[in-house]
Structure formats: C-alpha cells, structure tokens
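Single-structure report; data block below.
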Amino acid sequence: MGILQDDVVIIRQPDKEGGPTVITVNCPDKTGLGCDLCRIILFFGLSIVRGDVSTDGKWCYIVLWVVGREKTRWSLLKKRLIGACPSCSSASGISYYRSELQQPPKPPDVFLLKFCCHDRRGLLHEVIELTIKKVKVSTTPDGKVMDLFFITDTRELLHTPKRRDDTIQQLTDTLKDALISIEIELVGPEIAACSQASSFLPTAITEDIFNLELPDPGRGGVFTSDSISIVMDNLLSPSHTLVQIMCQDHKGLLYDIMRTLKDYNIQISYGRFMTKPRGKCELDLFIMQADGKKIVDSSKQKSLSARLRTELLRPLKVTVVSRGPDTELLVANPVELSDKGRPLVFHDITLALKMLGICIFSAEIGRHAIGDREWEVYRILLDEGEGSPLPRNKIEKGVWNMLMGWE
C-alpha cells in the first residue's frame, strides 16, 4: 500500500509556547536521506534538539524535534522535505507520491541581481532570502556600493513578475534612502556558466586553509569545538557497528555528522540524538556499509573516526589574513560529494561582521578543489574604516561563534 504525499512529512506544532516543533518523516529509505533532511532544516534556520531514526533498509521512520525562527514558513519547509524523500507508489487509483510522476530536477534558473546604494554596514545581510551562487561587491571612493549577485530562488518563482516585484520591494523597504537603483534579470546559460568561479586559488590562500585542515585534538578554543569522544563497538550488535559520539553542540551538528556518513556511503539503521545541559549532546548510531556489513576493518574504522572528529572539531575553516595593506577574511565550507554545501554560511558571515561594526569592501564566493576535496571559499575584503582596526582574533572569534551558533 502506498502513502499519500501529505503523509510523507507531518509537522506538528508545539503544545506549549516555546516547545519544539515535531517533524515526522515516513518514506522509503536511501543512503544520505538524513543528511539531505538536516540540510534543509538548517537552511530554514532551525536547530534540531532531538532526533530518532529507524529503518529496515527499505523504509525509514524519522522524528526530529526542532526549535528556531518564529516566522518559519512551515508549508514551504514541508514541501522541501517531501522533495528530498525517495518516492513511493501504490497500485490504487489514488494520487500517491510516485517516482514515475517525478521528473529529474533541472538546474535552477540563475538571475543577476544588480543594485547600487550608499554604503552602510550589514548590507549583504539583507539578501538572505535568495541563494547566492556568486557575489561581486565593491565600494567606490565616493561611498557608493556596486553589487552584482548571481542568485537562484529556492521558491523557483523569480521569473514571475509578482515574485520579482515583491523581492525588489522588500530590498527597497530595507535599504530605504540608501538605495539608488536595483534590477533583477534572468541570465542566459553562457553568463550562468561564468557565474562559477575559477578553480584556481592563489597558493597563499590554499596554504591558509590547509593550515586549518588538521586541528590539534587536544586544543579547544576559538577554532574548534571542545571535548569530543567517538567510540566504535562491534560487539553489541551482530550486524551493525555502534558509533557513540559525545561532543559540544553547535549549529548544524547533526548535518555535519550525516554528511560525513553520506560521503562514506554509510547507512544508518537506527539512530538517536539528544542535546544535554551545558551545550553538550550525545548520539548513538547503529551503522553498516553499503554491502550490508558492519565495519570490521580497523583502517576503515580509524578513517571514519578521524573524519568525524575533524568535522566536529572544525566543520568550517575561518581565518583572517593580511594581503599587503588590506585585511581579508577567509571562510572555507566543505562541499558534499553530492555537490551541496552547508547553507546560510554567507548569511552568518555578514551578520557577524555587521554585529562587529565592520563593513565589507568586496566579497567573492567560489568553489575550488583543495587537496582531495571541494570547498566553497568565501573571500571577503574588509573595510576597517579610519578608526583602530579590531584585532584579527576578535574578528575570527565573532565569525566563528556566529557560524557555530554560539553568538
């Protein structure tokens, strides 16, 4: 028997004010489904405070308790979560969620958002409703900001006059008298291809990121998440490897774990996640390889454990470097093998800089191959003004805390 599309994802609002919203997902299983769902929830600005996952390898049942924004668009979230679930069908004549009715998703249309306005702090933070593929922002000597954003619309409606007009009106209302001009236009395939950054990065930048790649497990502080314990046990279950993780909670923690398992093609048969007092969390995951066997090879265990530890210690790389007389903020975001990166990174960076009172002189986003992985690299040239510049470590700490949800 099939399942109605509306029943694939059920969202139940809290019984008491301030309580978590409960999201239930009931659908066929696939490797990496947990990662895809966690990424969508993170994109909507929500935090997962508890989770239970159970699957027999064919069908899965997932329950997630989430907290976050008051103005969350729950209907759109449900639509996005359903879209990430594998399809199921029924022989009856009722309209079910069926794979044969689903067309392969086409790449989203790319639009060019151009606007000119008077310089002010927090400007880039105001365009968070759109997915930014690449940005070129510069400030002219007379104090004007010239912005070029290559964007896609998660609602896939920016080609309609109403959605375009609403977006322009929202930016106009936000920027008020600072706005000089604004345009949104659909770009052709050739220009869309040009919106992808070159894979080349200066050696100095790759060295800065590589220096951050291997954290010292014994050192906490600004650049890491403290106290991580990862234990693997093959004795408790005859068919699964038990992975027990205890660590400090941070924004997107469950996503960081799930994307690592997805990249390793690891399946979760049962999992439990819960946050604890003092910002701690615990996870129990019963996992197996794609061939249905537990992980008994010690080298594979060490490799997976080392990657999990690295991703939990430092899921993103943040550093501030000097480029001659200029100061540049570098943030590197790992890209999944499925070609998706952590959401809202640019939003958090610009919000942190806004709170620090730092203006952005120019910014570029691009994907680059560094080592054996692909990274989404944010290069932001800072305008520190005429006063005394903030210490580099204070900028790094402010951005890092915002990205980790510790602000």
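The values are calculated or read from the model by the stated rules, or taken from the named source; none is laboratory data. Computed from a prediction, not measured in an experiment: that's the story for all the values here. Backbone-built Cβ (ideal geometry, glycine too); neighbour counts: all protein chains shown. Areas reflect the complete protein model, heavy atoms only, side chains present, ligands, DNA and RNA absent. Shrake-Rupley method; radii C 1.70, N 1.55, O 1.52, S 1.80 Å.
Just a few scattered comments:
- For the stretch 308-335, a tally of residues being closer than 26 Å to S227 by Cβ and not in a strand (DSSP E or B) returns 9.
- Some residue of the stretch 96-117 being open to solvent by less than 50 Å² (accessible area, probe 1.4 Å), modelled with pLDDT under 90, part of a helix (DSSP H, G or I) and assigned by the TED database to the domain that holds R155: no
- Scanning the stretch 262-281 for residues that are of a type in the set (D, E, K, R) and surrounded by fewer than 15 Cβ atoms within 10 Å (Cβ to Cβ), we see that the one that is farthest from I48 (Cα to Cα) is R278.
- Some residue of the stretch 62-84 being more than 21 Å from G405 (Cα to Cα), touching a Pro at 6+ places or on another chain (Cβ under 7 Å) and not small (G, A, S): no
Residue-wise test of (1) part of a helix (DSSP H, G or I); (2) open to solvent by 30 Å² or more (accessible area, probe 1.4 Å); (3) touching a strand residue (DSSP E or B) at 6+ places or on another chain (Cβ under 6 Å).
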{"position": "A369", "(1), (2), (3)": "no, yes, no"}
{"position": "R379", "(1), (2), (3)": "no, yes, yes"}
{"position": "L382", "(1), (2), (3)": "no, no, yes"}
{"position": "S388", "(1), (2), (3)": "no, yes, no"}
{"position": "M402", "(1), (2), (3)": "yes, no, no"}
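- Being open to solvent by 10 Å² or more (accessible area, probe 1.4 Å) and either hydroxyl-bearing (S, T, Y) or on the phi > 0 side of the Ramachandran plot (or both) is a description that does not apply to D326.
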